[in-house]
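The values are calculated or read from the model by the stated rules, or taken from the named source; none is laboratory data. What you are looking at is a predicted structure, and each value in this text was computed from that prediction instead of being measured. Note that we place each Cβ from the backbone using ideal geometry, even for glycine, and neighbour counts take in every protein chain shown. Surface accessibility is based on the protein's heavy atoms, side chains included, excluding ligands, DNA and RNA. Shrake-Rupley method; radii C 1.70, N 1.55, O 1.52, S 1.80 Å.
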Amino acid sequence: MNQAELQSLCIEAGESEFRGVQLFEWMYRHGIVSFDSMLNVKKSFREHLKEHCIIQTLQVEKRIKSKKDESIKILFRTWDNHFIETVSMANGDRHTVCLSSQAGCALDCSFCATGRQGFERNLSTGEIIDQLIFVRENIDQPITNVVFMGMGEPFHNYNNVLNASDIFHSPKGFNLASTRITISTAGLLPQIKQFISEKRRYKLAISLNAADDRVRNDIMPINKKWPIAELVNAGKEYSNQKKRLVMFEYVLLKGINDSENHALQLAQLLQGIPCKLNLIPYNETDGIYQRPEEKVITRFSEILYENRNEYLVLVRWSKGQDIDAGCGQLAGQKI
Ligand code: SF4
């Protein structure tokens, strides 16, 4: 529930609107999950809340720490027995939490472990928020960034993802700046356009992964509906309207989209588009794809860098690969 919903709940129960603000702060700013601990709320109302409401929605099934870096993957179980994963990635002063927005995913990108699982259901706003509350309360480093890059296509769960983001952004909630919240989509064009028209200014990432429609059709079937040129244009519109750079993500798959020619095509595609380009060497799962060799990755990024114009190039060496917590590896496994 957001603040307005909590206020209505209080009014319906014969309490003042202000009680709703108190509940909001207890839950989202202080991470209190027990009504008994909400000491400035009178006892009779706490009893009423205990009878009618729940705070925690997810059960923790497993928590595993990488041996190679500071990443921690948490496996949660929902009330109706779906499994979702969240990844905490601490690195110096930065602590990024990668959240899931759905159990499974309908988009079937061929390189993604979640896609192979198929769609189960959307997560509620509460289930999205609960992932972040758990990380905040159990991992001893302040959260600096949230990315919707875990399981699911966030724009297929548009309202709940945006409602959760608003609570992350609220000063009475998690107090994260809008630049610290990134929503990543595989390319749902109508929702991207809707997102651009919003007053909200969260960051947008588009998972591109190819500069050629034939390649993208093969690895991301959604491309047959909304092809590359339309997505890149929408990205440009986002950058221009929001005065904030759209991020294009490009997962490098050996022998599929990692040649020098592919790099030149990509550089050509992004000419004149104000954006960031994030190159992500593929994290191998038990699928059919492989990660390119390091020298291929380096050459690919050099070509993009040499030909850049208006865009920035970053190579993201994913964290947490040894615990299957890297990009494209999340599958809600009962490890
Ligand atoms: S990459 Fe994202 S959109 Fe594609 S199947 Fe995986 S979770 Fe879904």
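Taking every DSSP beta bridge with both residues inside the chain, roughly what % is antiparallel (nearest 5)?
Beta bridges within the chain, antiparallel portion: roughly 45 percent.
May I ask you to give the percent of accessible area on the chain that is carbon plus sulfur, with a probe radius of 1.4 Å?
48 percent
May I ask you to derive the FRET efficiency for residue 159 and residue 59 from their Cβ-Cβ distance with R0 = 30 Å, giving the value to the nearest 0.05?
Calculated transfer efficiency: 0.75.
Pop a pseudo-label 7 angstrom from the Cα along the beta-carbon direction at both residue 34 and residue 244 and give the gap in nm to one decimal.
Between residue 34 and residue 244, the label points sit 3.8 nm apart.
Could you compute the net charge surrounding residue 9? Neighbours are other residues with a C-beta less than 10 Å from the C-beta of residue 9; K and R count +1, D and E count -1.
-2
Report Rg/Rh for the chain, rounded to two decimals, where Rg is the Cα radius of gyration and Rh the Kirkwood radius.
1.00
To make sure I understand the rule: partners must be lysines, Cα under 16 Å from the Cα of residue 65, and not fewer than 8 residues away in the same chain. Which ones qualify?
Partners found: 73, 319, 334.
Can you tell me the 0 to 90 degree angle between the C-alpha axis of helix 158-169 and the longest principal axis of the chain, rounded to 10?
70 degrees
Mind pulling the angle between the C-alpha long axis of helix 125-138 and the longest principal axis of the chain? Nearest 10 degrees, somewhere in 0 to 90.
Long axis of 125-138 versus the principal axis of the chain: about 90 degrees.
Give the residue from 66, 56, 139 lying farthest towards the positive end of the charge dipole for the chain; charges sit on Cβ (+1 for Lys and Arg, -1 for Asp and Glu) and the dipole is referred to the Cα centre.
139
Enter the Cα centre distance for the pair region 109-125 and region 4-37, rounded to the nearest angstrom.
When both Cα centres are located, 33 Å separates them.
Write down the accessible area per residue of the chain in Å², having rolled a 1.4 Å probe over the full set of protein chains.
Accessible surface, normalised per residue, equals 45 Å².
Count charges around residue 274 for me, please; just the other residues with Cβ under 10 Å from its Cβ, Lys/Arg as +1, Asp/Glu as -1.
With Lys, Arg at +1 and Asp, Glu at -1, the net is +3.
At a probe radius of 1.4 Å, what is the per-residue accessible area of residue 27, in Å² to the nearest 10?
Looks like 20 Å² after rounding.
Of 203/225; 68/254; 62/254; 172/199, which pairs sit farther than 26 Å apart, going by alpha carbon to alpha carbon?
Among 203/225; 68/254; 62/254; 172/199, the Cα-Cα distance tops 26 Å for 62/254.
Net charge near residue 244: determine it from the other residues with C-beta under 9 Å of the C-beta of residue 244, scoring Lys and Arg +1 and Asp and Glu -1.
+4
Run through every distinct alpha carbon pair of region 133-195 and return the Kirkwood hydrodynamic radius in angstroms, one decimal place.
12.7 Å
How many nm separate the modelled label positions at residue 52 and residue 214, each set 7 Å beyond the Cα in the direction of the Cβ?
Going by the 7 Å Cα→Cβ label model, 6.3 nm.
Determine the calculated [θ] at 222 nm for the chain from helices alone, applying -39500 (n - 2.57) to every DSSP H run no shorter than 4 residues and normalising by the residue count; nearest 500 deg cm²/dmol.
-10000 deg cm²/dmol
Ranked highest first by average number of other Cβ atoms within 10 Å, how do 61-74, 82-95 line up?
Packing order, densest peptide first, comes out as 82-95, 61-74.
Could you calculate the contour length gain from residue 42 to residue 302, that is, 0.36 nm times the residue separation minus the distance between their Cα atoms, to one decimal place in nm?
87.3 nm
Can you tell me the orientation of helix 3-12 relative to the chain, as the angle in degrees between its alpha-carbon axis and the longest Cα principal axis, to the nearest 10?
Result, in degrees: 30.
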